[in-house]
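Here is the structure we will look at.
Only the coordinates and a few stated rules stand behind these numbers; no lab work does. As the structure is a prediction and not an experimental result, all values here were calculated from the model. Cβ atoms come from the backbone with ideal geometry, glycine included; neighbour counts cover every protein chain shown.
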């Protein structure tokens, strides 16, 4: 699977080191909460241990913060020690010193300064990407259709278009997308295949759920939601996957403020997405960044103005993908991508997805 790192293309948005300190603490708190409830993955346990081992690094970091104004060359060494002791926010203080101080102020030759700047900037960019990758790619998958579940072939092609988001509420798990990704291509929803990225196992799902047009909650855009419930009881015991746990990590789009930073994840329709030789889809996830538009052009639709430095892509494939925003330095699911063109992406609020989830238990007629 190729990870499209377009969100880090220059010029990226610079954020002060204080922001990363808050995020680091917030991440550790979230990991501790997950560990206490017994739902922390092996990878999460490693991250939690690294955070616990970073206490020495935090001390060096605090010492560096106290010296960075009057003795930046000593602060640089302190921040380096902090980073080597796994206190990750130190990298952004190092980056800040390299941005704002000269080689002489940091006790370096011009050649050393250039070398350090390149080295630490690369590390900082990798950490920025990893934070987005871990936080946002969780649960986002491409929509795939196939007549017969199994290996693709000339007579059983695996094809698709659009994105979905795997989420968990309580003990139930769901795959959520925009309804039009199925209706616009005339797909038979019985041919939907939810593939896991690494093992290529297909997860069993129940018949899809959607609102009927006459339903009072339907709306022109609010009804553009389609949900499959994952049949976890029939899942192969060797299957492993990520799903976004909604509890405490979802907000309505009405809580957003104009200009707030947003991220949308999905699978745009790149030319290289289809492997003609193997009759299969190639996955190229894309993390798109932008800000909330000042006003709503259409009632019920929110607009994300895509960052200018990002390349223009075919936004059709982003339909159904999740939209995220940070609250208290944690990513929250705020909406579902509906459509877009050029540098604007429209989405509906997460509350419409939640309304449909609330009605799953009430026996809504299958789509």
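Rounded to the nearest 0.05, what FRET efficiency do residue 180 and residue 122 have when you use their Cβ-Cβ distance and R0 = 30 Å? Can you show the working numbers first?
Working: r = 41 Å, r/R0 = 1.37.
The value I calculate is 0.15.
In this structure, residue 271 and residue 73 have a Cβ-Cβ separation that, at R0 = 51 Å, corresponds to a calculated FRET efficiency of about 0.50.
Name the shape class, rounded, prolate or oblate, that the alpha-carbon gyration tensor gives for the stretch 140-360, where a ≥ b ≥ c are the square roots of its eigenvalues, rounded holds for a/c under 1.5, and otherwise prolate holds if a/b is larger than b/c and oblate otherwise.
Values: a/c = 1.61, a/b = 1.32, b/c = 1.22.
It is prolate, given that a/c is not under 1.5 and a/b is the larger ratio.
Which of rounded, prolate or oblate describes the stretch 91-224 when judged by the alpha-carbon gyration tensor and an a/c cut-off of 1.5? The shape class here is prolate.
Note the full-extension length gain between residue 254 and residue 147 as 0.36 nm times their separation in residues minus their Cα-Cα distance, in nm to one decimal. Can you show the working numbers first?
Values: separation 107, 0.36 × 107 = 38.52 nm, distance 3.99 nm.
Extending this stretch completely gives an extra 34.5 nm.
Take the Cβ atoms of residue 329 and residue 62, set R0 to 25 Å, and the FRET efficiency comes out at 0.80. Specify whether the C-alpha gyration tensor of the stretch 68-129 places it in the rounded, prolate or oblate class, a ≥ b ≥ c being the square roots of the eigenvalues: rounded for a/c under 1.5, otherwise prolate if a/b is larger than b/c and oblate if not. Here the stretch 68-129 falls in the oblate category. On full extension, the segment bounded by residue 171 and residue 235 gains 21.7 nm, given 0.36 nm per residue less the C-alpha separation.
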